[in-house]
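Have a look at this one.
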Amino acid sequence: MTNSNASLPVYLGDEGMTEEIKDMMTSLPRQKGWMVNHTYQFQGFWLPPSLLQGTINCQKHFQAQDSDVILVTNPKSGTTWLKALIFALINRNKFHDCQHQHPLLTHNPHSLVSFLEGVYYNYPHGLPDDVVSSSSSCTRFFNTHMAHVSLPDSIKGSSCKIVYCCRNPKDMFVSLWHFGHKLASQETLVCPIEEAVKLFCEGSFIGGPFWDHVLGYWEASQKNPDKVFFVTYEEMKERPRTHLKRMADFLGCSFTKEEEEEKGMVDEIIRLCSFESLSNLEVNRKGKLPNGIETNAFFRKGQIEGWRDTLTDSLAEEIDRTSEQKLHGSGFKFQC
Ligand code: A3P
């Protein structure tokens with residue numbers, strides 16, 4: 001399963017750290033990583049050095065605007081899909097020909113929406129204008145994997161909107177497992193899956209604790225539903241029309257009756273951004289992102305309960321048990 005031509009983006013490696021971050025890293029809890037050499041515990045979450053640097057610089061320098069839209073996900077929870085959907089949604093007046101001339105037909109969604117930690121890893125002091133303008137015309141649209149506790153103050157303090165999408169932990173873990181084995185170098189992948197599931201459940205797997213990430217945004221969405229829109233990958237899969245329309249209402253760009261019924265825009269956007277449509281485009285089959293990662297790495301099965309071909313029943317039960325314990329009393333639970 002391991003790819004000897006590993007092409008994990010350089011920003012997940014250990015290189016390119018500024019002196020300031022290197023100094024800081026010496027005071028943080030550190031552990032051997034999976035997919036990366038080491039992870040560091042920062043504000044409760046285990047991050048590779050580059051995401052740590054991106055997060056800290058973003059916290060210092062990012063100035064959110066009231067009209068910004070921020071998509072937040074855990075890795076492998078539908079980021080690519082939601083980037084496409086929200087990009088198409090908020091730019092639908094600019095790009096209405098979803099069949100012939102839409103940017104999503106020729107660009108991978110990650111090329112159209114900037115990843116904040118990646119940008120601030122590359123540009124420690126701030127966001128260059130061209131990065132902002134590549135995002136979209138009037139509404140700036142970014143994504144991040146940051147935990148709620150780590151969001152820059154200007155995101156929490158402004159009226160910008162946050163869309164949070166999470167995915168059931170078994171599928172998210174399995175998707176990450178395959179992503180790592182496709183892209184990372186062999187020496188970082190020696191951990192057997194049983195051990196990886198154990199670390200995931202303990203919260204010390206890369207990016208974890210998974211459930212703290214989910215609960216941070218779940219609680220924020222309960223307290224302030226006008227600020228944080230919470231949706232699951234499974235809900236989007238099962239009822240994409242309903243949730244795309246809810247998202248449009250939340251973002252203040254509701255579909256008109258004419259757009260929905262006469263122009264069929266809701267269905268057009270869903271079709272354009274579907275797994276079948278995006279994964280078959282040349283740019284997503286054979287393309288590469290500027291960071292070197294092959295675009296086809298973001299499209300694997302795109303299914304609910306795809307974990308069944310990778311996890312044994314007992315590993316799945318271990319994740320289910322942990323999920324039940326962690327989410328107990330929160331009012332939120334995963335459907336599967
Ligand atoms: P699988 O590995 O289970 O197939 P991310 O974009 O956060 O990295 O998540 C990647 C996961 O989303 C992969 O899951 C991928 O196949 C799936 N995915 C990508 N595009 C999708 C789409 N348009 N619709 C549904 N799932 C999609």
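Could you list all residues from segment 232-252 that are within 16 Å of the ligand (Cβ to nearest atom) and buried (at least 18 other Cβ atoms within 10 Å of the Cβ)?
If the condition is that a residue be within 16 Å of the ligand (Cβ to nearest atom) and buried (at least 18 other Cβ atoms within 10 Å of the Cβ), then Thr232, Tyr233, Glu234, Met236, Pro240, His243, Leu244, Met247 are the ones that fit.
Separate question: Glu294 fails exactly one of the following numbered conditions: (1) surrounded by fewer than 19 Cβ atoms within 10 Å (Cβ to Cβ); (2) within 16 Å of the ligand (Cβ to nearest atom); (3) more than 30 Å from Gln53 (Cβ to Cβ); (4) under 21 Å from the mean Cα position of the chain (by Cα). What is the number of that condition?
Glu294 satisfies all of (1) surrounded by fewer than 19 Cβ atoms within 10 Å (Cβ to Cβ); (2) within 16 Å of the ligand (Cβ to nearest atom); (3) more than 30 Å from Gln53 (Cβ to Cβ); (4) under 21 Å from the mean Cα position of the chain (by Cα) except (3).
Right, something else. Which of the residues spanning segment 252-308 are of a type in the set (Asp, Glu) and within 19 Å of Thr80 (Cα to Cα)?
Result: Asp267, Glu268, Glu276, Glu282, Glu294, Glu305.
Among the residues in segment 51-70, are any within 16 Å of the ligand (Cβ to nearest atom) and either at pLDDT 95 or above or under 20 Å from Ala248 (Cβ atoms) (or both)?
yes
Further question on the same structure: Which of (1) in a helix (DSSP H, G or I); (2) within 13 Å of the ligand (Cβ to nearest atom) does Ile304 not meet, given it meets every other one?
Checking Ile304 against (1) in a helix (DSSP H, G or I); (2) within 13 Å of the ligand (Cβ to nearest atom), the one that fails is (1).
Among the residues of segment 1-29, what is the count of those that are outside any helix (DSSP H, G or I) and either modelled with pLDDT of 85 or more or more than 24 Å from Phe298 (Cβ to Cβ) (or both)?
6
Look through segment 167-204, keep the residues that are within 15 Å of the ligand (Cβ to nearest atom), modelled with pLDDT of 95 or more and part of a loop (DSSP other than H, G, I, E, B), and return whichever of them is farthest from Trp307 (Cα to Cα).
Arg167
Considering only residues that are near the ligand (Cβ under 8 Å from one of its atoms) and surrounded by fewer than 18 Cβ atoms within 10 Å (Cβ to Cβ), look in segment 277-291 and name the one that is nearest to His110 (Cα to Cα).
Filtering first and then ranking leaves Ser279.
Something else about it: Which of the residues belonging to segment 79-112 are more than 20 Å from Pro240 (Cα to Cα), part of a helix (DSSP H, G or I) and within 12 Å of the ligand (Cβ to nearest atom)?
His110 - this is the single residue of segment 79-112 that is more than 20 Å from Pro240 (Cα to Cα), part of a helix (DSSP H, G or I) and within 12 Å of the ligand (Cβ to nearest atom).
Moving on to the next point. Considering only segment 26-78, how many residues are of a type in the set (D, E, K, R) and on the phi > 0 side of the Ramachandran plot?
1
If we scan segment 318-326, do we find a residue that is modelled with pLDDT of 95 or more, assigned to a helix (DSSP H, G or I), under 30 Å from Val119 (Cα atoms) and out of contact with any strand residue (DSSP E or B) (no Cβ under 8 Å at 6 or more places or on another chain)?
No; the residues of segment 318-326 include none that is modelled with pLDDT of 95 or more, assigned to a helix (DSSP H, G or I), under 30 Å from Val119 (Cα atoms) and out of contact with any strand residue (DSSP E or B) (no Cβ under 8 Å at 6 or more places or on another chain).
Would it be correct to say that Phe255 is surrounded by 14 or more Cβ atoms within 10 Å (Cβ to Cβ), more than 15 Å from the ligand (Cβ to nearest atom) and of a type in the set (A, V, I, L, M, F, W, C)?
Taking the combined requirement at face value, the residue satisfies it.
Looking at segment 307-324 only, could you name the residues that are in contact with a helix residue (DSSP H, G or I) (Cβ under 9 Å, 6 or more places away or on another chain), under 28 Å from Tyr217 (Cα atoms) and more than 14 Å from the ligand (Cβ to nearest atom)?
The answer is Leu315, Ala316, Glu318, Ile319, Asp320, Arg321, Thr322, Ser323.
The values are calculated or read from the model by the stated rules, or taken from the named source; none is laboratory data. Not measured: the values here are computed from a predicted model. Glycine gets a Cβ as well: all are built from the backbone with ideal geometry, and neighbour counts include every protein chain shown.
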